[in-house]
1. Test of understanding: among 47, 74, 86, 32, which residue is surrounded by 12 or more Cβ atoms within 10 Å (Cβ to Cβ) and either over 13 Å from residue 8 (Cα atoms) or within 13 Å of the chain's Cα centre (by Cα) (or both)?
2. I want to confirm something. Restricting to region 4-29 and keeping residues that are crowded, with 18+ Cβ neighbours inside 10 Å and under 20 Å from residue 60 (Cα atoms), which single residue is farthest from the chain's Cα centre (by Cα)?
3. Could you please find all residues in region 1-15 being free of Cβ contacts under 8 Å to residues at least 24 places away in the same chain and within 14 Å of residue 67 (Cα to Cα)?
4. Filter region 89-104 down to residues that are surrounded by 10 or more Cβ atoms within 10 Å (Cβ to Cβ) and out of contact with any helix residue (DSSP H, G or I) (no Cβ under 9 Å at 6 or more places or on another chain) and give me whichever is modelled with the lowest pLDDT.
5. Counting only residues that are touching a residue at least 60 places away in the same chain (Cβ under 8 Å) and within 14 Å of residue 5 (Cα to Cα), give me the strands (runs of 3 or more DSSP E) lying completely in region 16-117 with at least 1 of them.
(Lines give C-alpha, C1' and ligand atoms only; values in the text may rest on other atoms or scores of the structure.)
Protein backbone atom coordinates (compact mmCIF):
# COMPACT_ATOMS: atom_id res chain seq x y z
CA UNK A 1 0.00 0.00 0.00
CA UNK A 2 1.05 3.56 -0.70
CA UNK A 3 0.61 6.39 1.76
CA UNK A 4 0.98 10.14 1.46
CA UNK A 5 1.75 12.42 4.38
CA UNK A 6 1.26 16.15 3.97
CA UNK A 7 3.64 17.63 6.51
CA UNK A 8 3.01 21.10 7.95
CA UNK A 9 5.09 23.08 10.40
CA UNK A 10 2.40 23.30 13.07
CA UNK A 11 1.28 26.22 15.19
CA UNK A 12 -0.36 27.06 18.47
CA UNK A 13 -3.23 28.58 16.46
CA UNK A 14 -6.18 26.17 16.21
CA UNK A 15 -7.17 27.10 12.65
CA UNK A 16 -3.97 25.55 11.30
CA UNK A 17 -5.29 22.04 11.87
CA UNK A 18 -8.59 22.85 10.14
CA UNK A 19 -6.80 24.19 7.07
CA UNK A 20 -4.59 21.11 6.73
CA UNK A 21 -7.59 18.79 7.15
CA UNK A 22 -9.34 20.65 4.35
CA UNK A 23 -6.28 20.35 2.10
CA UNK A 24 -6.03 16.62 2.83
CA UNK A 25 -9.72 16.06 2.04
CA UNK A 26 -9.33 17.70 -1.36
CA UNK A 27 -6.03 16.00 -2.19
CA UNK A 28 -7.34 12.51 -1.28
CA UNK A 29 -9.77 12.40 -4.17
CA UNK A 30 -7.21 13.58 -6.71
CA UNK A 31 -4.16 11.36 -6.06
CA UNK A 32 -3.47 7.66 -6.43
CA UNK A 33 -2.42 6.93 -2.85
CA UNK A 34 -4.25 4.40 -0.69
CA UNK A 35 -4.09 6.63 2.39
CA UNK A 36 -3.52 10.38 2.74
CA UNK A 37 -2.89 11.90 6.16
CA UNK A 38 -1.41 15.01 7.73
CA UNK A 39 1.37 15.46 10.26
CA UNK A 40 3.05 18.37 12.01
CA UNK A 41 6.61 19.17 13.05
CA UNK A 42 5.58 20.81 16.29
CA UNK A 43 2.77 22.08 18.53
CA UNK A 44 0.02 19.88 17.00
CA UNK A 45 -0.50 16.12 16.83
CA UNK A 46 0.07 13.88 15.07
CA UNK A 47 3.82 14.13 14.79
CA UNK A 48 5.59 12.86 11.68
CA UNK A 49 6.74 9.75 13.51
CA UNK A 50 3.24 8.99 14.84
CA UNK A 51 1.76 9.42 11.37
CA UNK A 52 4.36 7.14 9.75
CA UNK A 53 3.74 4.55 12.47
CA UNK A 54 -0.02 4.68 11.90
CA UNK A 55 0.32 4.29 8.10
CA UNK A 56 2.79 1.42 8.52
CA UNK A 57 0.41 -0.36 10.92
CA UNK A 58 -2.35 0.01 8.31
CA UNK A 59 -0.14 -1.73 5.74
CA UNK A 60 1.67 1.10 3.97
CA UNK A 61 5.20 0.12 3.02
CA UNK A 62 5.71 2.97 0.56
CA UNK A 63 5.23 6.43 2.08
CA UNK A 64 5.71 9.78 0.37
CA UNK A 65 6.10 12.90 2.49
CA UNK A 66 5.08 16.20 0.93
CA UNK A 67 6.36 19.15 3.00
CA UNK A 68 3.87 22.00 2.95
CA UNK A 69 6.72 24.51 3.09
CA UNK A 70 7.64 27.21 0.58
CA UNK A 71 11.43 27.10 0.91
CA UNK A 72 14.26 24.65 1.58
CA UNK A 73 15.18 26.06 4.98
CA UNK A 74 16.83 24.18 7.82
CA UNK A 75 13.75 22.05 8.52
CA UNK A 76 13.73 20.76 4.94
CA UNK A 77 17.50 20.39 4.58
CA UNK A 78 18.37 19.00 8.01
CA UNK A 79 15.72 18.41 10.67
CA UNK A 80 13.17 16.44 8.67
CA UNK A 81 15.66 14.24 6.72
CA UNK A 82 17.42 13.37 9.99
CA UNK A 83 14.10 12.47 11.61
CA UNK A 84 13.10 10.37 8.60
CA UNK A 85 16.41 8.47 8.70
CA UNK A 86 15.89 7.72 12.39
CA UNK A 87 12.28 6.61 11.88
CA UNK A 88 13.02 4.48 8.82
CA UNK A 89 15.51 2.34 10.77
CA UNK A 90 12.65 1.21 13.03
CA UNK A 91 10.49 -0.28 10.27
CA UNK A 92 11.56 -3.25 8.16
CA UNK A 93 10.63 -2.97 4.50
CA UNK A 94 9.45 0.64 4.73
CA UNK A 95 10.33 2.96 1.86
CA UNK A 96 10.03 6.68 2.58
CA UNK A 97 10.35 9.31 -0.12
CA UNK A 98 10.72 12.93 1.01
CA UNK A 99 9.75 15.49 -1.63
CA UNK A 100 11.16 18.99 -2.04
CA UNK A 101 9.44 22.08 -0.69
CA UNK A 102 7.04 23.96 -2.94
CA UNK A 103 9.59 26.57 -4.03
CA UNK A 104 8.88 28.47 -7.22
CA UNK A 105 5.68 27.45 -8.97
CA UNK A 106 3.67 29.49 -11.50
CA UNK A 107 0.51 28.54 -9.61
CA UNK A 108 1.89 30.26 -6.54
CA UNK A 109 2.36 33.44 -8.57
CA UNK A 110 -1.31 33.27 -9.59
CA UNK A 111 -2.36 32.91 -5.95
CA UNK A 112 -0.30 35.96 -4.97
CA UNK A 113 -1.74 38.04 -7.82
CA UNK A 114 -5.32 37.07 -6.88
CA UNK A 115 -4.75 37.93 -3.24
CA UNK A 116 -3.13 41.32 -3.76
CA UNK A 117 -5.61 42.64 -6.32
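1. Values: 74 fails: surrounded by 12 or more Cβ atoms within 10 Å (Cβ to Cβ); 86 fails: surrounded by 12 or more Cβ atoms within 10 Å (Cβ to Cβ); 32 fails: surrounded by 12 or more Cβ atoms within 10 Å (Cβ to Cβ).
Every option except 47 fails the conditions.
2. Per the stated criteria, the residue is 4.
3. Here is the first cut: in region 1-15, the residues free of Cβ contacts under 8 Å to residues at least 24 places away in the same chain are 13-15.
Those that are free of Cβ contacts under 8 Å to residues at least 24 places away in the same chain and within 14 Å of residue 67 (Cα to Cα): none in region 1-15.
4. 103
5. Details: elements: 35-40, 62-67, 95-98.
Counting at least 1 such residues, we get 62-67.
The values are calculated or read from the model by the stated rules, or taken from the named source; none is laboratory data. All of these numbers come straight from a predicted model, not from anything done at the bench. Don't worry about glycine lacking a Cβ; one is built from the backbone with ideal geometry, like all the others, and counts go over all protein chains shown.
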